[in-house]
Every structure is written in C-alpha cells, then in structure tokens.
Amino acid sequence: MPAPLAPVLAVIGGGQLARMMAQPAIALGLPLRLLAEAEGVSAAQVIVDQQVGDHRDLDTLRSVTQGCSVVTFDHEHVPTEHLHALAEGGLAVRPGPEALVHAQDKAVMRRRLDELGVPSPRHAVVESVADAAAFGFPCVLKTTRGGYDGKGVWVVRDAAGAREAFEAASAAGVQVLAEELVDFRRELSALVARSPSGQAAAYPVVASTQVDGVCSEVVAPAPDLDPELAGQAQRIALTIAGALDVTGILAVELFETSDGRVLVNELAMRPHNTGHWTQDGAVTSQFENHLRAVMDLPLGSPAPRARWTVMVNVLGGPHDAGRLYDGLPHVMARDPHLRVHLYGKDWRPGRKVGHVNAYGDDLEDCLERARHAAAWLRGDLGDESE
C-alpha cells in the first residue's frame, strides 16, 4: 500500500457514527483506520483500512493506532486507563481521557458540572435502595458507567422499582446515580465543535423527541425557543467544552423545564444522533467538523442551510421490513428533496438502522415528509401508494 498523503486518523468503534465520518474524510483526503468490533459492521463496510478487535484490549488499541497521528471514537466505552496509556505513548487522543471520562462516568460528570456552576437536576450517588428512598421517590436511577440509549436508566417510584437498578449496577461493578425526575417541557440538544487550538463553533439548539429512551426525531432549530434560553444553552455547551478541554464534537443534552430553565441531562463527546440533521441542513456537518477539530484544522460554519430541518430515525420494528433498500423507490419518488441515510445494519426491533432528513421553509411540511419516509422504510405504511 502506498504511503498516505495525509496524517492517518484511527477511529475506535465500527458503528454508524464512524461510517458517517467516512464521507467527509474522503472529501478532505483524510485516511481513516478503523477498529471494528466484528467483521462487516456498519463502518467496516465503507472503511477499507480496518482491524477487528476488542476496544477493551490495550494491545489491540496499540496495534490499530500504530503509525496514526490521532485517534478518535465512535463511542465512549474505551477504558480510561487505556486512553491514558495511548496518550503517554505519544498518540494524540481526541477527545483526551481527562475530557472523555466526563462522558464515561456520570458521577464524575455531575461533580465537575457542579464545580462549574452549570445548572443540573438535583443528584447524588446512592449505595442502596434505602439511600435512593432517602433521596426521594419518584426519581431517576442511572448506572454511572456503560448506559446509553435508555439502557442503564430507570424511572423508579418506590423501593421495589429501585432494586433492578442496584442489581444491574452490582453485576456491572459500577455505582448508581440518583437524579430528580424533572418536570420538563421538552428535551433540547446544544452541539458544539472545538479544536485543540481552542477554536469553537456552536450549532443551532435543537429539540429532540425520545421514545423508550431512544431518539426518535429532531427539529432544527428548536421551535418557539426563547432566544435568550437558546443563547444560554449554547453558552453552557461552550463553557463545558472549554473547561473540560474537549476536542471534537460535544453534545449537551438538556431539559427545558416548564418554568423556563435549562438543565444539563447528559454529555456525549463524539458525533451525536441529535446532530444528524447537520448532514443536509448545515453548511458543515457535525461529522466533518469532528474530523476538522480532531485534526486541528479550521472549523467549518455551523450555520443552517434552510429555515427548518427535521431528522427522523428509522428504527427496527416488531416485524420484518425486508430490505430497507426496497423502500427507496417510493420515498425518493414521493419526495426528491428528501435525504436518506442507511447504516448497513441488520433489522432488529428498536435498533437504529437509518435516518431521513427533510428541510424547507414550512416546519409542518418537513415533519410530514420525514415521518412518512421513515414510516415507509420501517414498513409501517403497508401498500399505500401516496
């Protein structure tokens, strides 16, 4: 293989986020090397330079990053001590372990946000069901590590409901974090990109809808959001990115409360589902800006291309929808402006297998178009001809 014409970027994790980094990497002439968890996973279908291995094994991480200038991530699950070892070996780890631990460990995140004065739900680490009862029911219990997409999260209303959380945490060897059950109007997401040199770019604040703990749809920008509250959400995200020295994309998931406040719910330090709209709705997608940031290239504009962009996830349903590809003729013919993104994943109930983006000047029209296309691809609309 000829020598690369640009620095090689290692990507740990073979999911759809790594897959969607590949397209802007091609445009930038940036070689990617992938550590995939199995043969033929989503990103392995499009990134040629790849190894299969376990991200929890340090020797595997050293092997896949050999000769690379930078390593970044499709997920936050690489052990923190391995990230320190890679950094001590001279590899640029972006985001670095000192930053990434705040997305890996919810207790660490809450302590640091408290120090920064960032508004958050009331919270405490609890050691037992009795501690959770003393914190107060109803509440939300979360494992401090390992949870995502609703996994490792329980809304509990009594001691009996809390036992499952403590049993799961004990089996995983992690702690339990209790948080107040927030009375919120809706969920928001503030996405920013930040480079090692300190340049930062903030995308419009979006509204997201969750179903069973999984993002279902996103509207950019968040409709009817007070401009001052939107600015506050962006300032919170930029403050966190700077204080934690984040490199790459930072997604700050927030609650907009019924009394007009925003509270930080979760952090993610990688491209995020609530930023998928940027592929077609922003001047520079979150995936390109993540690559630019981790390679310390000047960031691209986060400005929207259209007044509204709606992203709807295609989630596997209870029945077999056949090949997702078979749904393309209908959705493309019905809506030539629609953008479809499929992940090359097998169909499984509840699994994210793709998403669609619709953009334009009429929000209701964008919502209808995106929802119809996602439902058709999912197989929910039967033999409708519309």
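The values are calculated or read from the model by the stated rules, or taken from the named source; none is laboratory data. Small disclaimer: the values here were computed from a predicted structure and weren't measured. Backbone-built Cβ (ideal geometry, glycine too); neighbour counts: all protein chains shown.
Restricting GLY136, GLY173, GLY117 to residues that are modelled with pLDDT under 95 and at positive phi narrows the list to GLY173.
Checked against (1) buried (at least 22 other Cβ atoms within 10 Å of the Cβ); (2) under 21 Å from ALA99 (Cβ atoms); (3) not acidic (Asp, Glu), CYS68 meets all criteria but (1). Determine whether SER197 is closer than 30 Å to ALA282 by Cβ, touching a strand residue (DSSP E or B) at 6+ places or on another chain (Cβ under 6 Å) and not hydrophobic (A, V, I, L, M, F, W, C). Criteria not met by SER197. Set side by side, the residues PRO302, PRO298 differ, and just one is touching a residue at least 40 places away in the same chain (Cβ under 8 Å), in a loop (DSSP other than H, G, I, E, B), under 23 Å from MET269 (Cα atoms) and touching a strand residue (DSSP E or B) at 6+ places or on another chain (Cβ under 7 Å), which is PRO302. Checking each residue in region 322-381 for being surrounded by fewer than 17 Cβ atoms within 10 Å (Cβ to Cβ), of a type in the set (D, E, K, R), more than 25 Å from the chain's Cα centre (by Cα) and at pLDDT 95 or above picks out ARG334, ASP361, ASP362, GLU364, ASP365. Just to be sure, is VAL176 under 30 Å from ASP259 (Cβ atoms) and assigned by TED's automatic domain parsing to the domain that holds ALA133? Against the criterion (under 30 Å from ASP259 (Cβ atoms) and assigned by TED's automatic domain parsing to the domain that holds ALA133), VAL176 qualifies.
Taking the conditions exactly as written (assigned to a helix (DSSP H, G or I) and within 26 Å of CYS366 (Cβ to Cβ)), does ALA233 satisfy them or not? For ALA233, the condition - assigned to a helix (DSSP H, G or I) and within 26 Å of CYS366 (Cβ to Cβ) - is met. For region 329-355, the set of residues classified as out of contact with any helix residue (DSSP H, G or I) (no Cβ under 7 Å at 6 or more places or on another chain) and part of a loop (DSSP other than H, G, I, E, B) consists of PRO336, HIS337, LYS345, ASP346, TRP347, ARG348, PRO349, GLY350, ARG351, listed by residue number.
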